[in-house]
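Asks: The structure under discussion is supplied below as structure tokens; questions concerning it will follow.
The values are calculated or read from the model by the stated rules, or taken from the named source; none is laboratory data. Remember, it's a predicted structure, so these values are computed and weren't measured experimentally. Neighbour counts run over all protein chains shown; Cβ positions are idealised from the backbone, glycine included. Accessible surface is based on the protein model in full, side chains and every heavy atom, while ligands, DNA and RNA are left aside. Shrake-Rupley method; radii C 1.70, N 1.55, O 1.52, S 1.80 Å.
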Amino acid sequence: MILAAGFGTRLRPYTRHTPKPLFTIAGRPVIDRTIRYLVAAGCGEILINTHHLHHRIDAYIAARKFPIPVQTRYEPEILGTGGGIKNAADFFDDRPFVVVNSDIVTDIPLEKVYEFHCAHSDAVTLVLVDDPGINSVQVNSSSRVLGFGKDPDRTQQATCRYLTFTGIQVLNPTVLAHIPDRGFSSSIDTYRQIIRNDNAVRAYVAEHCKWRDIGTPETYHKEAMEALTLQAFHTACNKRIPVDSIHRIRLEGDGSDRSWYRTTADKQTLIMVDHGIRQGRGPLEVDAFIDIGRHLYRQQVAVPEIVAWDRFAGMVFIKDLCDKHLQAEVRDTTDPDQIIEIYHRVIDGWIRLAIDGNIGFDRNWTFQTRRYNRRLILEKECRYFVDAFLNGYLGMAGADTACEPEFVYLADQVTTHAVDGLIHRDCQSRNIMVKAGRFYFIDFQGARSGPVQYDLASLLIDPYVELPPEIQAHLLRYAVERLSQKISIDPGQFITGYRYCALSRNLQMLGAFGYLTRVKKKIRFEAYIPAAARTLCRILNTFRPDEFPALKFVADCIKKETMTT
């Protein structure tokens, strides 16, 4: 019997949408691992009691084919560990039976535990381990359990030691008579009663075995990370890596709330990105990262290879591209011709992403919006600029009122002149890595259908690099020429659309810098605001005087404000 009828209270908020038995370890639900564990030990049939989100567990079990019968039993009211076992009395026959908690991961040899139980005459065998942080079960030198927690009448036994109950037990059917017939009850209370009646509860102490309770976010996260790390290196190196040989260093991220780690084992390194334990059904950011990343790699777009992932744990392992990004590559290069050559190669890679990456792209992979459209421009570019930068960062409340009609006009022009393809949406120098002379695009989880001019604008007006206007103009011409060799475009329409996309992107950048600086307290982004402000003024000056008069006035105010701060 697998005890799986709890609420998962310790694991909230993650159990609000997913029952604890369906939490995954290296991509496999815990309940599946437990069932396989019982099957390998020789169990002939399994019953799982359920309560919280029971229909999800029922559906999972019904959709799988196991080598032995597996059934679920719903408890409308939670009966506790003792009541749950009693409620399953009709399932057991006259032989000893095994009960296992659903929130543990272990390699304790269950067949040996069963043999140990059958070799003695006591009705209960509890499997214990030595876990100093939580030891609470009192055991004497004869492997008899004397008490649990602070049972007062047993604390003076000098020869006793304290151990931890693993949630694994073997019981004789006679134990059922000690459990109340109805209502909630605890199996530990039943064992206390058995001990008080001078009957023995036997301890099987598992030595040198793996055991972990994954009933809290911290312990689940630790187990999920450890298991996926082993799987990732097995995939990457084609051999098993000892856990104690793995070393992990946390990396500094940019604007993302995700956690990044460089993991090393057997002279090989992998990067792990941790999106956090799943909250909600999705698609979520981790799903987009996995699905879009694997698609782009199949399309031979220069992205890091994904080697292992766990959607529920929120963890993804990718090949390590080292630490140098395009921003550093450009800053290390003083020759303008070399900079232009670098960007020629980056633009060639961008064209493959925009065109080849769009072939077979499934919009269901996206986690925000399926495409870059008019509504997104107004909400995530223009309104973001107003709320996060004008109002939030500069405190220029009310300065945007006259700009609203111009925002609508901008959104219309972007969509009207769009050359459709796949856009990265954050195609800037810190999201382009350099390894062995090749440029790779990272942070592609925001990709969606949209105007390809947007990514080109992101690349060329990037404030992290601040390319001179004359180089930007040359690279724009180069991009038009190279793209024309790939697809049919109207160069004039493309460039017109590019200019509007550049304005939209510039508004988004300022919004992001304001938000990251003021709200996220990532002060390093503040250094790039003056460059973005200068670019905003320059872009606006390329339009007719009657197109964005209010926005030009606001931009002049921004430039003055940022130059004095």
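Asks: Test of understanding: what is the full-extension gain from L251 to S141, defined as 0.36 nm times their sequence separation minus their Cα-Cα distance?
Replies: 34.8 nm
Asks: What does the extension gain come out to for D198 and S186, with contour length at 0.36 nm per residue minus their alpha carbon separation?
Replies: So the extension gain works out to 2.4 nm.
Asks: Any idea what the relative contact order of region 97-149 is, in percent, if you count C-alpha pairs under 8 Å spaced at least 6 apart?
Replies: For region 97-149, the relative contact order is 18 percent.
Asks: Another one. Using only alpha-carbon positions, what ratio does the radius of gyration of the chain give when scaled by 2.2 N^0.38 Å?
Replies: 1.25
Asks: Once the Cβ-Cβ distance between E111 and K222 is put in as r, and R0 is 30 Å, what FRET efficiency do you end up with, to the nearest 0.05?
Replies: 0.65
Asks: Now a separate question. Which order do the peptides 42-55, 285-298 come out in when sorted by mean C-beta neighbours inside 10 angstrom, highest first?
Replies: By packing density, highest mean first, the sequence is 285-298, 42-55.
Asks: At 1.4 Å probe radius, can you tell me the per residue accessible area of the chain in Å²?
Replies: Ligands and nucleic acids excluded, the result is 44 Å² per residue.
Asks: Give the lysines whose C-alpha is closer than 21 Å to that of K222, dropping any in the same chain fewer than 8 places away, or say none.
Replies: Reachable lysines: K20, K210.
Asks: How many angstrom separate the Cα center of region 1-60 from the Cα center of region 257-288?
Replies: 24
Asks: Taking 0.36 nm per residue of separation and subtracting the Cα-Cα distance, what length does fully extending H120 through S488 add?
Replies: The span from H120 to S488 would gain 124.3 nm if fully extended.
Asks: Here's something else I'd like to know. So, R0 is 35 Å and r is the distance between the beta-carbons of E404 and H55; what FRET efficiency does that work out to, to 0.05?
Replies: 0.15
Asks: D335 versus C557, label points 7 Å from Cα toward the beta carbon: distance in nm?
Replies: 4.7
Asks: Heavy atoms of the protein only, probe of 1.4 Å, neighbouring chains included. What is the accessible area of I195 in Å², nearest 10?
Replies: 20
Asks: With respect to the cross-link table entries K324/K521; K239/K435; K267/K486, which display a Cα-Cα separation exceeding 31 Å?
Replies: Result: K267/K486 exceed 31 Å.
Asks: For helix 549-564, what angle does its Cα long axis make with the longest principal axis of the chain, in degrees from 0 to 90 and rounded to 10?
Replies: Once rounded, the angle reads 70 degrees.
Asks: Obtain the nm distance between the two label points defined at Q300 and D362 by a simple spin-label model: each point lies 7 Å from its Cα along the Cα-to-C-beta direction.
Replies: 2.3
Asks: Considering only protein heavy atoms and a probe of 1.4 Å, how much of the accessible area of the chain is carbon and sulfur, as a whole percent?
Replies: 49
Asks: Could you give P(r) for region 425-522, binned at 10 Å from zero, as whole percent values over all Cα-Cα pairs?
Replies: Once binned at 10 Å, the Cα pair distances of region 425-522 give 14, 42, 35, 8, 1.
Asks: Let me ask something else about it. In nm, to one decimal, how far is the modelled label at M396 from the one at T235, with both set 7 Å along Cα→Cβ?
Replies: Rounded to a tenth, the inter-label distance reads 4.7 nm.
Asks: Label region 360-442 by shape, choosing from rounded, prolate and oblate, from the square roots a ≥ b ≥ c of the eigenvalues of the Cα gyration tensor; if a/c is under 1.5 it is rounded, and otherwise prolate applies when a/b is larger than b/c, oblate when it is not.
Replies: In terms of gyration-tensor shape, oblate.
Asks: Oh, and also: Assuming R0 = 35 Å, what is the FRET efficiency of R28 and E77, from their Cβ-Cβ distance, to the nearest 0.05?
Replies: So the FRET efficiency works out to roughly 0.70.
Asks: Please report the relative contact order for the chain, taking Cα pairs under 8 Å with a sequence separation of at least 6, and give it as a percent rounded to a whole number.
Replies: It rounds to 11 percent for the chain.
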